[in-house]
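> Questions regarding the structure given below will be posed in turn.
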Amino acid sequence: MPCPSPKEAEIKLRHYPATGTIAIVGVHLAGLQQHFNNMTPIPQPSETQLPTPSDHGIYIAISDQYHRTQMEELLVLDGFNISAFPSAAALWNVFQARPTRMVITERRFPSSELTGLGLCRNIRQHFTLPYIYVVVFSTMDRMQEIKEGLAAGVDDYLAKPLTPLQARTRVLVGRRWLAYIDSIFEGRK
């Protein structure tokens, strides 16, 4: 499919005066819906019905209490419903009974059997539709670590320490991605 011309593209921007930043909050490219309508049908969701992105539920697994509370408070102030856990194993136990559409986790946890990548693998294996956006962060930023994360199904991989702007940006990108995927599913019904 040829690339749309600038006349066929629409980009929506939002200005955040408090931080002086501008973020892309929407992109529309004419002709893409027809392209997706011609694709092979996507299987229907399994028996496990996940919440939609509009409920703003995010699960966070951070081992350090201070950083966990800091991240939780930051995202609550942005209007998100946050559930914070001290380990990937604790998050996974709750996730199986009450899944959400976005997970933010550390890569490694002290004395934990389940790592952030293991959590991501579990999510990808057991919850295929609708899509779940997973962000992993770590002090490790070597290319091999990033490749392993992407191979496990991680959507975004960030190096610590995270700034509030980075955390907000990743959540907004994840929400936009989930809304886009959902709009494709809605167009196929």
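Listed here are the residues, each with its yes/no results for (1) in contact with a Lys or Arg (Cβ under 8 Å, 6 or more places away or on another chain); (2) touching a residue at least 60 places away in the same chain (Cβ under 8 Å).
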position: Arg98; (1), (2): no, no
position: Phe109; (1), (2): no, no
position: Leu114; (1), (2): no, no
position: Leu117; (1), (2): yes, no
position: Tyr131; (1), (2): yes, no
position: Ala151; (1), (2): no, no
position: Gln166; (1), (2): no, no
position: Gly174; (1), (2): no, yes
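> Could you grab me the full set of residues in region 126-160 that are among the polar types (S, T, N, Q) and within 18 Å of His67 (Cβ to Cβ)?
Once the filter is applied, which keeps residues that are among the polar types (S, T, N, Q) and within 18 Å of His67 (Cβ to Cβ), region 126-160 yields Ser138, Thr139.
> Follow-up. From the list Arg142, Arg98, Arg124, pick out the single residue that is at negative phi and touching a Gly at 6+ places or on another chain (Cβ under 7 Å).
Arg124
> Between Ile104, Ile22, which is in contact with a strand residue (DSSP E or B) (Cβ under 6 Å, 6 or more places away or on another chain) and modelled with pLDDT of 90 or more?
Sole residue among the options that is in contact with a strand residue (DSSP E or B) (Cβ under 6 Å, 6 or more places away or on another chain) and modelled with pLDDT of 90 or more: Ile104.
> Further question on the same structure: Residues being surrounded by 18 or more Cβ atoms within 10 Å (Cβ to Cβ), hydroxyl-bearing (Ser, Thr, Tyr) and within 15 Å of the chain's Cα centre (by Cα): count how many of those fall in region 52-104.
Summing the residues that are surrounded by 18 or more Cβ atoms within 10 Å (Cβ to Cβ), hydroxyl-bearing (Ser, Thr, Tyr) and within 15 Å of the chain's Cα centre (by Cα) in region 52-104 gives 2.
The values are calculated or read from the model by the stated rules, or taken from the named source; none is laboratory data. Predicted, not measured: the structure shown is a model, and the values here were computed from it. Cβ sites come from the backbone with ideal geometry, for glycine too, and all protein chains shown count toward neighbours.
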